[in-house]
Every structure is written in structure tokens, then in C-alpha cells.
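See structure below.
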Amino acid sequence: EDQVTQSPEALRLQEGESSSLNCSYTVSGLRGLFWYRQDPGKGPEFLFTLYSAGEEKEKERLKATLTKKESFLHITAPKPEDSATYLCAVRNTGFQKLVFGTGTRLLVSP
Amino acid sequence: DVKVTQSSRYLVKRTGEKVFLECVQDMDHENMFWYRQDPGLGLRLIYFSYDVKMKEKGDIPEGYSVSREKKERFSLILESASTNQTSMYLCASSPIIDTEAFFGQGTRLTVV
């Protein structure tokens, strides 16, 4: 069965303090790993898709990387507006659904 | 921009009521999904549809049904609402199976 585990559950950073969020996965043939941002009371907002090990994507202060077993979301010099829950999901080769992790709640203090 | 619109942000229903949650997407996507999100459990797939009038059960279909009569609209039906169906419900759509899904703003349903 496909599984996604995110760590840590919660992370508190000072503004400007860079860090990384981890997404470990087991899937029977990866057909995409997805990162989303979710603000309280809202639907997830798409950030990145990664398809193969070694791939990297960047957007402003965020950079996502992928290996065969895990993905990292690196946050460089975060700002308070980066505070949100970050969700990771995978899709396998045989099925169309996305399997989600439980997320990392990030709080960036000024 | 892709837009996925859910008919209500907040709903309060009584136990035993039949509840309809509506979702509309404006990008001609083939795939549509219904998830529920609960603290500590993450997003769990209830049903999805890859074409008009086609549907597939997800991980937790019990107590739910769906309807997709038109490509842009996907409805989730709670046949007889129960308190354990109190949750955040999220609709999503995607164009083809290998691409990302886009989510609506969510419906927070409370069953009393």
C-alpha cells in the first residue's frame, strides 16, 4: 500500500532561519510527487510536481528536491507569510488518486 | 487560472438528513475528486470520477455516494448524515492522470 510520512509534524522558525521539511514515501512505481501549501480553513494550493529522482523545482523561497525514497522542501530565509501547513502527496503508476501525508505545520515568527 | 468552486464554505446539518455538496470546475478537466480532511488523518479520498457518469470508490466511500452528470460538476451525497461525517470536505480536479490536482476552498460540514 502506498504511504507518505511527513516530518516534523510542526516546525517553528524565526524569520530568516532556513530549514527543510521531509516527505518519505513508499509507492509501487512513482508517477509524480506533489507539494501543496494549505492555509487555515482553505483548500490546498499547488506548489510543485516532481517526477524523477534528482529533479528539483524552485519558487521564490521554496525549493523541492526528490530522491528515490524521499522529497525535501527547503525554505530559504522564510518570512511570516510562509506560515502554513505543507502537504506532500504521491501518485503511483497504476492508480489515479493522490495519497497524502498528514502535513507539516510551519510557523515563522517575525 | 483554474477555478474549482464548492457551493458552500460552511454547512450545519442534522443527523439523518440527506446532504448534497456541489463542486464545479471551469477548466474542462476529466478527473474530479472528493476528499475529506480530519486532524491527524490528513486527506482521505472518498470518491473520484475520470469521466462523465463514471465513478470509482476511494479509500472511505461508506456512507457517501457521488453524481457526475456533466463534465464540470461533481456532487457528493451523504445519504443519511451522521456525526462522524463532521469534517472538512475538499473537491479537486485535474486534466490528466499525471498532473497535479487543483482544489476548491473546502466545505466545513458539521452534523449535529
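The values are calculated or read from the model by the stated rules, or taken from the named source; none is laboratory data. Small disclaimer: the values here were computed from a predicted structure and weren't measured. As a convention, Cβ positions derive from the backbone with ideal geometry for all residues, glycine included, and neighbour counts pool all protein chains shown. Heavy atoms of the whole protein, side chains included, go into the accessibility calculation; ligands, DNA and RNA do not. Shrake-Rupley method; radii C 1.70, N 1.55, O 1.52, S 1.80 Å.
Points worth noting:
- Qualifying positions in the stretch A:101-110 - polar (S, T, N, Q) and buried (at least 18 other Cβ atoms within 10 Å of the Cβ): A:Thr102, A:Thr104
- Close pairs from the stretch B:69-85: first over 15 Å from B:Leu109 (Cα atoms), partner among the small types (Gly, Ala, Ser), Cβ under 6 Å, at least 6 apart: B:Phe74/B:Ser49
- A:Leu98 meets each of the listed conditions (1) among the aliphatic types (A, V, I, L, M); (2) more than 23 Å from A:Glu17 (Cβ to Cβ); (3) within 11 Å of chain B (Cβ to nearest Cβ); (4) open to solvent by 10 Å² or more (accessible area, probe 1.4 Å) apart from (4).
- Here is the figure for the stretch A:1-29: residues that are under 10 Å from the mean Cα position of the chain (by Cα), over 22 Å from B:Gly58 (Cα atoms) and within 11 Å of chain B (Cβ to nearest Cβ) total 0.
- On inspection, A:Lys63 does not qualify as within 12 Å of another protein chain (Cβ to nearest Cβ) and of a type outside the set (Phe, Trp, Tyr).
- Residue match in the stretch A:29-37 (condition: more than 22 Å from B:Ala92 (Cα to Cα) and either touching a strand residue (DSSP E or B) at 6+ places or on another chain (Cβ under 8 Å) or of a type in the set (D, E, K, R) (or both)): yes
- Out of B:Ser87, B:Ser80, B:Ser65, B:Ser93, one residue alone is small (Gly, Ala, Ser), more than 10 Å from chain A (Cβ to nearest Cβ), open to solvent by less than 10 Å² (accessible area, probe 1.4 Å) and over 21 Å from A:Thr104 (Cα atoms). It is B:Ser93.
- B:Gln6 open to solvent by 50 Å² or more (accessible area, probe 1.4 Å), within 24 Å of A:Phe48 (Cα to Cα) and at pLDDT 95 or above: no
- Scan the stretch A:30-48 for residues that are at the interface with chain B (Cβ under 9 Å from one of its Cβ atoms), open to solvent by 20 Å² or more (accessible area, probe 1.4 Å) and more than 11 Å from the chain's Cα centre (by Cα) and the total you get is 4.
Matching residues to (1) in contact with a Ser or Thr (Cβ under 9 Å, 6 or more places away or on another chain); (2) open to solvent by less than 50 Å² (accessible area, probe 1.4 Å):
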site: A:Gln14; (1), (2): yes, no
site: A:Ser18; (1), (2): yes, no
site: A:Ser28; (1), (2): yes, no
site: A:Leu50; (1), (2): yes, yes
site: A:Lys63; (1), (2): yes, no
site: A:Ser71; (1), (2): yes, yes
site: A:Arg91; (1), (2): no, yes
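- Answer from B:Phe48, B:Phe33, B:Phe103 - the residue that is within 14 Å of another protein chain (Cβ to nearest Cβ), buried (at least 18 other Cβ atoms within 10 Å of the Cβ), free of Cβ contacts under 8 Å to residues at least 40 places away in the same chain and within 12 Å of the chain's Cα centre (by Cα): B:Phe48
- Pairing residues of the stretch A:56-67 that are of a type in the set (Ser, Thr, Tyr) and in a strand (DSSP E or B) with residues that are modelled with pLDDT of 95 or more and open to solvent by 20 Å² or more (accessible area, probe 1.4 Å), at Cβ distances under 6 Å and at least 6 apart in sequence or on separate chains, gives A:Thr65/A:Glu56; A:Thr65/A:Phe72.
- Members of the stretch A:1-34 found to be at pLDDT below 95 and over 12 Å from A:Val99 (Cβ atoms), listed by number: A:Gly29
- Looking at the stretch A:11-52, the strands (runs of 3 or more DSSP E) lying wholly inside it that each contain 1 or more residues that are touching a residue at least 40 places away in the same chain (Cβ under 8 Å) and in contact with a His (Cβ under 6 Å, 6 or more places away or on another chain) sit at A:19-26.
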